[in-house]
1. Of the conditions (1) within 14 Å of another protein chain (Cβ to nearest Cβ); (2) in a loop (DSSP other than H, G, I, E, B); (3) surrounded by 24 or more Cβ atoms within 10 Å (Cβ to Cβ), B:PRO110 satisfies every one except a single condition; which number is it?
2. Which residues, taken from the range B:278-292, are more than 7 Å from chain A (Cβ to nearest Cβ), more than 16 Å from B:TYR86 (Cβ to Cβ) and either within 14 Å of the chain's Cα centre (by Cα) or not polar (S, T, N, Q) (or both)?
3. Let me spell it out: the conditions are (1) assigned to a loop (DSSP other than H, G, I, E, B); (2) over 30 Å from B:GLY409 (Cβ atoms); (3) more than 14 Å from chain A (Cβ to nearest Cβ), and B:GLY89 meets all of them except one. Which number is the exception?
4. What are the residue pairs meeting all of these: first residue in the range A:67-89, first residue within 13 Å of chain B (Cβ to nearest Cβ) and surrounded by 17 or more Cβ atoms within 10 Å (Cβ to Cβ), second residue in a helix (DSSP H, G or I) and at pLDDT below 90, Cβ atoms under 6 Å, and 6 or more apart or on different chains?
5. Scan B:LEU48, B:LEU81 and give me the residue that is within 13 Å of chain A (Cβ to nearest Cβ), at pLDDT 95 or above and touching a strand residue (DSSP E or B) at 6+ places or on another chain (Cβ under 7 Å).
6. Going through the range B:228-263 one residue at a time, which ones are within 13 Å of another protein chain (Cβ to nearest Cβ) and of a type in the set (A, V, I, L, M, F, W, C)?
7. Has the range B:387-402 got any residue that is in contact (Cβ under 8 Å) with a residue 60 or more places away in the chain, assigned to a loop (DSSP other than H, G, I, E, B) and within 42 Å of the chain's Cα centre (by Cα)?
Amino acid sequence: WSLPVKSVFVTFPGDIIRNMTDMELAENYLKRFGYMDTLQRSGFQSMVSTEKALKRLQRQLGLEETGELNKETLEAMNQPRCGVPDVAN
Amino acid sequence: YQTFDGDLKWDHSDVTYRILNYSPDMDSSLIDDAFARAFKVWSDVTPLSFTRLFEGTADIMISFGKTDHGDPYPFDGKDGLLAHAYPPGEGVQGDAHFDDDEFWTLGKGPAVKTRYGNANGAMCHFPFTFEGKSYTSCTTEGRTDNLPWCATTASYDADKEYGFCPSELLYTFGGNADGAPCVFPFIFLDKEYSSCTTEGRNDGNRWCATTNNYDKDKKYGFCPSRDTAVIGGNSEGEPCHFPFVFLGKEYNSCTSEGRGDGKLWCSTTEDYDEDKKWGFCPDQGYSLFLVAAHEFGHALGLDHSSVRDALMYPMYSYKENFPLHQDDIEGIQYLYGSKPGPKPTVPEPNTPTTTSYPETTDDPFSTTPSTKLPDNDACKVLKFDTITVIEGDLHFFKNGHYWKVPSRGDARHQGPLSISESWPALPAVIDSAFEDVLTKKIYFFSGTRFWVYTGKSVLGPRSIEKLGLPNSVQKVEGALQKGTSKVLLFSGEDFWRLDVKTQKIDRGYPKPTEVVFGGVPNDAHDVFQYKGHTYFCRDRFYWRMNSRRQVDRVGYVNYDLLKC
């Protein structure tokens, strides 16, 4: 058997780079769509507000409300969607 | 469903829209049609109507843009954000923006409308066979002029039906060259170009000159994307080049190698390693109709829904024959009410059936006012004595009663209220009334007499001849404020201009109504000004005239104004 080709990731010129960690992507998403306000919070507070915000997002999208950044929630965040915030502001 | 804070909605039911620019992904006629069908989704279930404007400012201005497109909410390249729209209101409010880094289709791959050929503009049929070979995209095979074409049935060999595919060699769109095709090579800023370019623009749109020298002729157009063109990347609109070399390996088809997101891409030159020119390969794309129907929901006042199958759910998912979900219908009807028309055969649970008009035996245009007031239901009144605006709200008078429709919000009419309780000196039948803009005095006309109310105090009745109206005038049927001190008084087929300050009719009157107000009934029994428009009523219909004296709407008093 040949060794699986090791995928080489290249940076494509002009590509919109989204090399964020999952948590960064999640926080970006939660702020952009109104689940979390954008003011900076301390570490602990930020964890609490992220968990609460995740639960609100999971409820809006009909996912299990775990408050954790699980696979289903990450996948939902990568879905193509409308740019209007979900939480009226 | 959700609405925006304060139930933002349009304060008129004939909403206008204008398409400011186009995407190169689909023929402009397909884009026009997708938007028209998207509006119809909402006009089918509400009293709303949508009129397309081709110039000036419309309520809903529609445009395509990429990344930073001029508002504080940039798009993000291919996928991710597809579009956004603003809730109803002035300026950018109500507008809808579509991300042109997306691949806009009808949801099932390239939507290629042909031009010329012998198929009358039919869509390409993919796959199709030609000379025994199967094609899944347009081809220049069989031609020497390098024009891409396709069959519009499954087999060209059998049916010989074909048309030409979008190509900059065939036509351009937008620009100032009336769709003329590109001329290659062309000179731009003293440099020669032999293909479309984005040079000179910051919006990423591909363009070309339609003469051989742009610097001299300044003639240009935007290039339609070929169906094999790549999307996004740094070669938007260029076709894939097969085979191409990537990391030393040769590829004869699109690949996701080199990417972590699994998206298919290709090189647009034979050697990616050398030239680094690439783009995403055409996929199913996003249904412009579906995304537009969603965005127009926002532009009408709906926010996102949490019902997964609802159109207003934030995520995109392609649905073949798309039905509007009940959640969407309830949301939009909460804002605008349901579509007038025949009563539903079986009323929806816990929703009031729409009011149906009593089957009148007499001629609906009968002028004899019905003496009996229908059981206090304004929606059953065929003809009001008068309608006017007092303190910004519409007032409907009939036989000693009146109803009010607040000019803000969605509340239905209030009433019946008693005329004699609000204005004790008045008779039961009021022929017309108006509120003086400056003094807030309210003038009431009945027969040949008139009254002037200032708050609770009243002056009158006095004869209308006091104002200088001739004794031939039996009643004043309409009053129209003009500016701050003039009011037009209508009677029969003429009108007079009253100077409110001098309380005298101006010289040079009367004038025939139809000479100045063409296109409305010259025997309207009611005329009033409301929200910048002039309304002429005859029985249960109104003719609405805009400030340019164009009749821009004819409708039902009860449905559109009384909000039945």
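1. (1)
2. Just the residues of the range B:278-292 that are more than 7 Å from chain A (Cβ to nearest Cβ), to begin with: B:279-285, B:287-292.
Those still in the list that are more than 16 Å from B:TYR86 (Cβ to Cβ) too: B:279-285, B:287-290.
B:GLY279, B:PHE280, B:CYS281, B:PRO282, B:ASP283, B:GLY285, B:LEU288, B:PHE289, B:LEU290 - these are the residues of the range B:278-292 that are more than 7 Å from chain A (Cβ to nearest Cβ), more than 16 Å from B:TYR86 (Cβ to Cβ) and either within 14 Å of the chain's Cα centre (by Cα) or not polar (S, T, N, Q) (or both).
3. B:GLY89 satisfies all of (1) assigned to a loop (DSSP other than H, G, I, E, B); (2) over 30 Å from B:GLY409 (Cβ atoms); (3) more than 14 Å from chain A (Cβ to nearest Cβ) except (2).
4. Taking only residues 6 or more apart or on different chains, the pairs are A:ASP86/A:GLN60.
5. Details: B:LEU48 fails: within 13 Å of chain A (Cβ to nearest Cβ).
None of the other options fit; the residue is B:LEU81.
6. B:VAL230, B:ILE231, B:PHE246, B:LEU247 - these are the residues of the range B:228-263 that are within 13 Å of another protein chain (Cβ to nearest Cβ) and of a type in the set (A, V, I, L, M, F, W, C).
7. Here is the first cut: in the range B:387-402, the residues in contact (Cβ under 8 Å) with a residue 60 or more places away in the chain are B:387-389, B:394, B:396.
Going one step further and asking which of them are assigned to a loop (DSSP other than H, G, I, E, B), we end up with none.
For the range B:387-402, residues in contact (Cβ under 8 Å) with a residue 60 or more places away in the chain, assigned to a loop (DSSP other than H, G, I, E, B) and within 42 Å of the chain's Cα centre (by Cα): absent.
Here's the yes/no breakdown for (1) at pLDDT 95 or above; (2) buried (at least 19 other Cβ atoms within 10 Å of the Cβ):
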residue: B:GLY301; (1), (2): yes, yes
residue: B:PRO344; (1), (2): no, no
residue: B:THR355; (1), (2): no, no
residue: B:ASP363; (1), (2): no, no
residue: B:PRO374; (1), (2): no, no
residue: B:ALA378; (1), (2): no, yes
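The values are calculated or read from the model by the stated rules, or taken from the named source; none is laboratory data. The shown structure was predicted, so the numbers you read here are calculated from the model rather than taken from an experiment. Quick reminder, even Gly has a Cβ in these numbers, built from the backbone with ideal geometry, and neighbours come from all protein chains shown.
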